[in-house]
Amino acid sequence: MKSLTVLGFDFGLKYIGVAVGQSVTGTANPLLTIPADQGKPRWDKINEVIQRWRPDALLVGMPLALDGSEQKISHAARHFADCLKQRYGLPVHLIDERYTTREAKSDLFARGGYRALDKAKVDGWSAKIITESGLNHMMNVIDPPPPLAGKHFLSTKQLSPAEISRLIQQADQWLDASGNLIYPAQPLLPHKTLANLFFENSTRTRCSFELAAQRLGMKVINFDVASSSLKKGESLLDTLDYLQAMGVDVFVIRHGETGVPKQAAEHLANRAAVINAGDGINEHPSQALLDLFTIQRYKPQLRNIKVAIVGDIRHSRVARSNVYALSAMAVPDIRLVGPKPLLEFDTSLPGLSLHTDLVEAITGVDVVMMLRIQQERMQEAAIPDLAHYYQHYGLTQEKLAYAKPDAIVMHPGPMNREVEISSEVADGPQSVILRQASFGVAMRMAIIESLLS
Ligand code: NCD
């Protein structure tokens, strides 16, 4: 098993002792003492130690009253632990430190006499004891590997509920309390490269992956399919080999044909990771995870909600990946809604039902997910005309009134305004469409990080 490097902090209002430990030995050494001003630490100093040691986890000593109850300083320590988590995106564990200062003093005393004791030394030594106590605890905890580690991300079907929850948690660390994106304090994957290979038009998804990778400190190349040698007949697999040989670690692939990302993944095996960014009418798994992440932020009780997915179900890879993810998370009522020719889906999954009447189907739902009419994928005229479609399936304020009053409205984009959704709804108070865009960057950061860990 890989040895983990852990940094331990002995939190104090004036000084914070820091120690470094290794899980393989279970021992730690004091490193330094960082000044704090009424609990506000010198973050520049903490950044330096984090950058120097690149720890896998952090431990914070939790000062408690002798009976174990929390006191004022305990809240400050908890706040410090939260800040560490937010800034560095690392797991942070709180350690009961009731006896550490006493133990540190007596240890140091035994080693060199009481005169040698100064505050800084005691704090450093306390941090060592906190770290060793945390390591002893961690040695008994074997964390499962990150959900996508060493794999490819091709379908939401491949993920267990626990893995989906972990990805949501990982994405959540890149949002602040108001849901705005935050940067990692330092580049997390500075020596990794991502290549976007889009064989179909895309603005949102391609930019979202690019921004996510940049936030992680990666290099990004946007492979221009139109002007590439692929036009000269070079096969996609050859292109992947060349790019991989030049140092690409992750390929984000969108293709009009079902199965192309899977083919690429099989060819590359463990030489590089592949993310399916949409293949034909098959799947679009990162979209589904960002949708689920959005739903979860607004409706945390996934096991109690009703979701309607409305529109061109038949041609929608977004609908397919969403159904698998929602169903894995035990969402009990998933309603697929659309005109008969566009309503094709295997309904063997529990909780899934098909509807042709929009008003009936969205009555009482918590989430309305609208889909784009995929005219480019329709071989035959599946719907009479767009005005007719809007009349029956376009989401207007009037129809939305049948959903729960606090229902959220989603759309993966690009939207056809006044075809599947009215501008009033798209820009209205129940719409979370732009939130989906922000949360998408956080979720893609989590997916990339997990694949490369
Ligand atoms: C979706 C796609 O390409 O599958 N869009 C997206 O990823 N933002 C949905 C669509 O094109 O309708």
Between Asn29 and Lys85, what length comes free when the chain is fully extended (0.36 nm per residue of separation minus the Cα-Cα distance, one decimal in nm)? 17.9 nm
Explain nothing, just compute: Karplus ³J(HN,Hα) = 6.51 cos²θ - 1.76 cosθ + 1.60, θ = phi - 60°, for every residue of the range 61-73 in order, whole Hz, x for Gly and Pro. x, 9, x, 10, 5, 4, 7, x, 7, 7, 10, 4, 5
I need the phi-derived Karplus couplings for the range 292-302: 6.51 cos²θ - 1.76 cosθ + 1.60, θ = phi - 60°, integer Hz, Gly and Pro marked x. 5, 4, 5, 4, 5, 5, 8, 10, x, 8, 4
Just from its helices, what would the mean residue ellipticity at 222 nm be for the chain, if runs of 4 or more DSSP H residues each count -39500 (n - 2.57) and the sum is divided by every residue, rounded to the nearest 500 deg cm²/dmol? -11500 deg cm²/dmol
Taking the alpha-carbon centre of each part, the distance from the range 239-260 to the range 177-217 in Å is 17
Point-to-point label distance, Ala110-Lys232, nm (Cα→Cβ direction, 7 Å offset): 7.4
Residue-by-residue Karplus 3J(HN,Hα) for the range 384-392, coefficients 6.51, -1.76, 1.60, Hz, glycine and proline x: x, 7, 5, 5, 5, 4, 4, 4, 8
Helix 119-139 axis, angle to the chain major axis (alpha carbon atoms, nearest 10°): 50
Ordered by packing density, taken as the mean number of other Cβ atoms within 10 Å over each peptide's residues, highest first, how do 421-431, 42-52, 360-370, 229-239 rank? 360-370, 421-431, 42-52, 229-239
Give the lysines whose C-alpha is closer than 21 Å to that of Lys105, dropping any in the same chain fewer than 8 places away, or say none. Lys14, Lys119, Lys121, Lys128
Net charge contributed by nearby residues that have their C-beta within less than 12 Å of Arg271 (K/R +1, D/E -1): -3
Taking amide H atoms as placed 1.01 Å from N in the peptide plane, list the residues 5 or more away in sequence, or in a different chain, whose amide H sits under 5 Å from that of Ser431. Val409
Just to confirm the number: angle between the C-alpha axis of helix 43-53 and the first principal axis of the chain, 0 to 90 degrees, nearest 10? 90
Once amide hydrogens are built 1.01 Å from N within the peptide plane, the residues lying 5 or more places from Ile275 or on another chain with amide H under 5 Å from its amide H are Phe153, Phe251, Val252, Ile253
How tilted is helix 161-172 with respect to the longest principal axis of the chain? Cα atoms for both, answer in degrees (0 to 90, nearest 10). 70
All lysines inside 17 Å of Lys262 as judged from Cα atoms, apart from same-chain residues fewer than 8 positions distant: Lys151, Lys157
Label-zone membership for the range 357-375, site Glu424, 7 angstrom Cα→C-beta point, backbone N under 20 Å: 358-365, 368-371
Rounded to 5, percent antiparallel among DSSP beta bridges of the chain: 30
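FYI, it's all coordinate maths here, none of it is from the lab. Nothing here was measured: the structure is a model prediction, and the numbers come from that model. Heads up, the Cβs are rebuilt from the backbone with ideal geometry, glycines too, and the neighbour counts pull from every protein chain shown.
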